[in-house]
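Q: The structure is given below, and queries will be raised subsequently.
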2 protein chains.
Amino acid sequence: MPNKVRIAIDAMGGDHGPTVLIPGAEISLVRHPDSEFILFGNEAQIAPLLAQHPRLKAVSRVVHTDVSVKMDEKPSQALRHGRWKSSMWLTLDAVKRGDADVAISAGNTGALMAMARFCIRMREGVDRPAIAALWPTMRGESVVLDVGASIGGDAEHLVNLAAMGSAMARVLFDIDQPTVGLLNIGVEEVKGLDAVREAGRILRETPLSHATYFGFVEGDDIGRGTVDVVVSEGFSGNIALKTAEGTARQLGSYLRAAMTRTWQAKLGYFLARHAFAAVREKMDPRKVNGGVFLGLNNIVIKSHGGTDAEGFAAAVDLGYDMVRYELLEKINQALSRSSGAAVAEKKVGISA
Amino acid sequence: MPNKVRIAIDAMGGDHGPTVLIPGAEISLVRHPDSEFILFGNEAQIAPLLAQHPRLKAVSRVVHTDVSVKMDEKPSQALRHGRWKSSMWLTLDAVKRGDADVAISAGNTGALMAMARFCIRMREGVDRPAIAALWPTMRGESVVLDVGASIGGDAEHLVNLAAMGSAMARVLFDIDQPTVGLLNIGVEEVKGLDAVREAGRILRETPLSHATYFGFVEGDDIGRGTVDVVVSEGFSGNIALKTAEGTARQLGSYLRAAMTRTWQAKLGYFLARHAFAAVREKMDPRKVNGGVFLGLNNIVIKSHGGTDAEGFAAAVDLGYDMVRYELLEKINQALSRSSGAAVAEKKVGISA
């Protein structure tokens, strides 16, 4: 563990590029003064912004590149023109080479995924990386994965996700036997996709060594905190994540509108403003910005492309925590144990 | 159109059966005194509850049956033992025979679906029915379908859903050219499932005659009201619906907790209580309970199994509206026009 947490940032990623990412990095730096940064991207754009953030500038190094990956580029295109030289690639390469401890990008998810697979080695035994999100629930937080790294997948892929997600929950939530649920459209055994049903059978018959299989969960169980780990293939997982964010925003806007409609409501709002602030904090989707790429040998954090500075700061915070608390190493240790067990047990399960 | 709206209810459906459904029907009756009911189920359970609801009793007829479909029964099992004689089947049969105008069940979705397909004829040209939900958004309401009738589906199925959903939106929202979006995990053309991409291509190249294809939408676009009609296959659609409900409940519980923590918050809550009530009304998932089965020749409404009386009343209200405003006929008319056009245009699209 280095003294400082060294953070590599793809400064050209996201819908707004450095105008949002630079202020975001500074917000996180204020919270974690023992961070330092390598910013990859167009120096002509980055330098004037850094000049406005002297605190960040003092602990940052800019590595210039002309090439950046567009938000709507196909992964294959991004690889073709952005390999070796784009800000995204260089950010990933920095963690691979050991120049940084964590790579953070708000860029195009598909391209980031493809580049991460080319640039950084995958963990042995993992077929595809996954993106795990920390989801605030009524009971605390849950790990939800995959929220969009890959579409579809068979039962084995889902069992793999269950092993990775429960390893992450063990470490982040400091619990010995996290509970794991498979996202489905009904709690009855009869419902759902074949892959989900088959994964349920495997997990039921041959449990993971460090997690308790709960069964199927539905969309409303996520916010309820029914289980510590919610497993889904990436398409439905992403739709669940975005839908929850949208609903939180929608209710926030209802509330704002209602609280300004009459003077009683305005006065009530004023008196209860601290309570509102607490709820806003809890329901702010920006606070949970940042998905962790699981299955790689380095730490890569994906921030939402459309985020603002506060949201990007949350992604940087998550990267910082992953490094400072050695979460990757701990997840990998837990994963070696449980996926080894899962594989062994799964064979028994399948032959049974 | 009969003078009264005749409502058939599967009184044994749902997690709580008649103890919730009978009071729910009475709530709806108070709002629509020109309703009358046929209640199918176990008379020994229904009669004492009806005795407590004399207003409902006065306009209801009970048809006794011993047989009911369990919530966890497989559709095939339900058909085997419940065909011809279960409360669910008899409820559907009542609309088929013309004894009632609308069938409402809070029972097992899979069984209801299977029985509806056996008992009630499907619209010509529709391969599988879909369940459409009315989703409150920041701009009003949207139609979201399919929210769980069937899992998966090819591009043609999605185009079919787009035609049915936009026909429903035309009628319910009284707009000439509703906008239609395909639920996907990225707005870029490059992302998503093959079927969704292909459906997008068809809708772009050969538009529906009475709807405007918007493009892909993501989970957070649903609550934003980006489009009037959101199209998804049933697995992701159901997960989106349940996740939104869960998030609404979660935020409601945060708010309640925050507003009772200090005396200022309590006082603020008291002053702003009408504003809170308005928001609660808007965000109450029970208010939008009730999915409409589209693709059948009769009106069938599915209520959530776990709903309470207020939620079941919302499903009955929806059924009432569908009958009173002749929505099914209007949807079918619109559908004949636009699906005819879609099929014709689709052929051009595919050959192009």
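Q: What's the magnitude of the charge dipole for the stretch B:50-208 around its Cα centre, counting Lys and Arg as +1 and Asp and Glu as -1 at the beta-carbon? Answer in Debye, nearest 20.
A: So the dipole magnitude of the stretch B:50-208 works out to roughly 780 debye.
Q: Considering only B:S60, B:L50, B:A309, whose Cα is most displaced toward the positive end of the charge dipole of chain B, charges sitting on Cβ of Lys, Arg (+1) and Asp, Glu (-1)?
A: B:L50
Q: To check you understand DSSP bridge types, tell me what percent of the beta bridges within chain A (both residues inside) are antiparallel, rounded to 5.
A: 30
Q: At a threshold of 8 angstrom on Cα-Cα distance, excluding pairs fewer than six apart, so keeping six or more, what relative contact order does chain A reach in percent?
A: 22
Q: Please say if chain B is rounded, prolate or oblate, where rounded means a/c under 1.5 for a ≥ b ≥ c the square roots of the C-alpha gyration tensor eigenvalues, and otherwise the choice is prolate for a/b larger than b/c and oblate otherwise?
A: It is oblate, given that a/c is not under 1.5 and a/b is not larger than b/c.
Q: Which cross-chain or sequence-distant (5 or more) residues have an amide H under 5 Å from the amide H of B:I299, H modelled 1.01 Å from N in plane?
A: Residues meeting the criterion, in which the H sits 1.01 Å from N, are B:A103.
Q: Something else about it: At q = 0.14 Å⁻¹, what log₁₀ I(q)/I(0) does the stretch B:109-194 have when each alpha carbon counts as one equal point scatterer in the Debye sum?
A: Scattering profile of the stretch B:109-194, log10 relative to I(0): -0.58.
Q: Pick from A:A169, A:A11, A:A272: which residue has the top mean-square fluctuation in a GNM of chain A where Cα pairs under 10 Å get a spring?
A: Per the Cα network of chain A with a 10 Å cutoff, A:A272 tops the list.
Q: Would you mind checking which residues have amide H under 5 Å from A:E73's amide H? H placed 1.01 Å from N; only 5 or more apart, or other chain.
A: Here nothing satisfies the definition.
Q: When a/c is below 1.5 the answer is rounded, else prolate if a/b is larger than b/c, else oblate, so apply that to the stretch A:98-159 with a ≥ b ≥ c taken from the square roots of the Cα gyration tensor eigenvalues.
A: Cα axes put the stretch A:98-159 in the oblate bin.
Q: Also, quick follow-up: Which whole-number value in Å³ per residue fits the convex hull of the alpha carbons of the stretch B:1-89?
A: 97
Q: If you take every residue apart from A:Y269 with its C-beta less than 11 Å away from the C-beta of A:Y269, what net charge results, scoring Lys and Arg +1 and Asp and Glu -1?
A: Net of charged neighbours comes to +4.
Q: Helix-only estimate, please: 222 nm mean residue ellipticity of chain B, summing -39500 (n - 2.57) across DSSP H runs of length 4 or more and dividing by its residues, to the nearest 500.
A: -16000 deg cm²/dmol
Q: Continuing with this model, one more query. Which whole number gives the average count of other chain Cβ atoms within 10 Å of the Cβ atoms across peptide B:253-259?
A: Counting Cβ atoms of other protein chains within 10 Å of each residue's Cβ and averaging gives 6.
Q: Would you give the gap between the C-alpha center of the stretch B:266-323 and the C-alpha center of the stretch A:143-167, rounded to a whole Å?
A: 34
Q: Explain nothing, just compute: Karplus ³J(HN,Hα) = 6.51 cos²θ - 1.76 cosθ + 1.60, θ = phi - 60°, for every residue of the stretch B:18-29 in order, whole Hz, x for Gly and Pro.
A: Result, rounded to whole Hz: x, 4, 9, 6, 5, x, x, 4, 5, 4, 5, 4.
Q: In whole Hz and in residue order, list the ³J(HN,Hα) couplings for the stretch A:232-246 that follow from phi through the Karplus curve 6.51 cos²θ - 1.76 cosθ + 1.60, θ = phi - 60°; x for Gly and Pro.
A: Listing the rounded values in order: 8, 5, x, 5, 5, x, 5, 5, 4, 4, 5, 5, 5, 4, x Hz.
Q: For a quick check: with amide H placed at 1.01 Å from N, whose amide H comes under 5 Å from B:T65's, ignoring anything fewer than 5 positions away on the same chain?
A: Placed amide hydrogens put B:G41, B:N42, B:E43 under 5 Å from B:T65.
Q: So how strong a dipole does the protein assembly as shown carry about its Cα centre when Lys and Arg Cβ are +1 and Asp and Glu Cβ are -1, to the nearest 20 debye?
A: Here the protein assembly as shown has a charge dipole of around 900 debye.
Q: Related question: For chain A, with a Gaussian network of springs between Cα atoms less than 10 Å apart, report the residue from A:R273, A:R139, A:R61 with the top mean-square fluctuation.
A: So, out of A:R273, A:R139, A:R61, the one fluctuating most is A:R273.
Q: Given the options B:M115, B:I104, B:P33, identify the residue whose Cα lies farthest towards the positive end of the charge dipole of the stretch B:8-147 (+1 on Cβ of Lys, Arg; -1 on Cβ of Asp, Glu).
A: B:M115
Q: Once you place label points 7 Å from the Cα toward the Cβ at B:D174 and A:F173, how far apart are they in nm?
A: 4.9
Q: When chain A is modelled as a GNM with alpha-carbon springs shorter than 10 Å, which of A:T212, A:T260, A:T109 fluctuates the most?
A: Greatest mean-square fluctuation among the candidates belongs to A:T260.
Q: Ok, one more. To the nearest 20 Debye, how big is the dipole of chain A about its Cα centre, given +1 on the beta carbon of each Lys and Arg and -1 on that of each Asp and Glu?
A: It comes to approximately 660 debye.
Q: For chain A, which longest stretch is free of loop sites, where a loop site is one of the chymotrypsin sites (Phe, Trp or Tyr not before Pro) that DSSP puts outside H, G, I, E and B and that has at most 16 other Cβ atoms within 10 Å?
A: Formally, the longest exposed-site-free interval is A:85-324.
Q: With labels modelled as points extended 7 Å from the Cα through the Cβ direction, what inter-label distance (nm, one decimal) is found for A:H274 paired with A:E124?
A: 5.5
Q: In peptide A:66-76, what is the residue-averaged number of other protein chain Cβ atoms found within 10 Å of each Cβ?
A: Counting Cβ atoms of other protein chains within 10 Å of each residue's Cβ and averaging gives 2.
Q: May I pose another question? Exactly which GluC sites (Glu not before Pro) in the stretch B:85-186 are in a DSSP loop and have at most 16 other Cβ atoms within 10 Å?
A: B:E124
Q: To continue, here is another question. Projected area of the protein assembly as shown, taken from the Cα convex hull and averaged over every viewing direction, in nm²?
A: For the Cα atoms of the protein assembly as shown, the hull's average projected area reads 32.6 nm².
Q: Sticking with this one: List the relative contact order of the stretch A:142-235 as a percent without decimals, with contacts defined as Cα pairs under 8 Å and 6+ residues apart.
A: In percent, rounded to a whole number, it is 49.
Q: Another question about this same structure. What are the ³J(HN,Hα) couplings of the stretch B:248-265, residue after residue, when phi is run through the Karplus curve with 6.51, -1.76, 1.60 and θ = phi - 60°? Round to Hz, x for glycine and proline.
A: Per-residue couplings from phi come out as 4, 5, 4, 5, x, 6, 4, 5, 4, 5, 5, 7, 10, 7, 10, 5, 4, 5 Hz.
Q: For A:S336 and A:E310, compute 0.36 nm times the residue count separating them, minus their Cα-Cα distance, and round to one decimal in nm.
A: 5.9 nm
Throughout, read-outs are computed from the coordinates displayed, never taken from laboratory work. What you see is a predicted model; the values in this text were computed from it and never measured. A quick note on method: Cβ atoms are made from the backbone with ideal geometry, for glycine too, and the neighbour counts reach across all protein chains shown.
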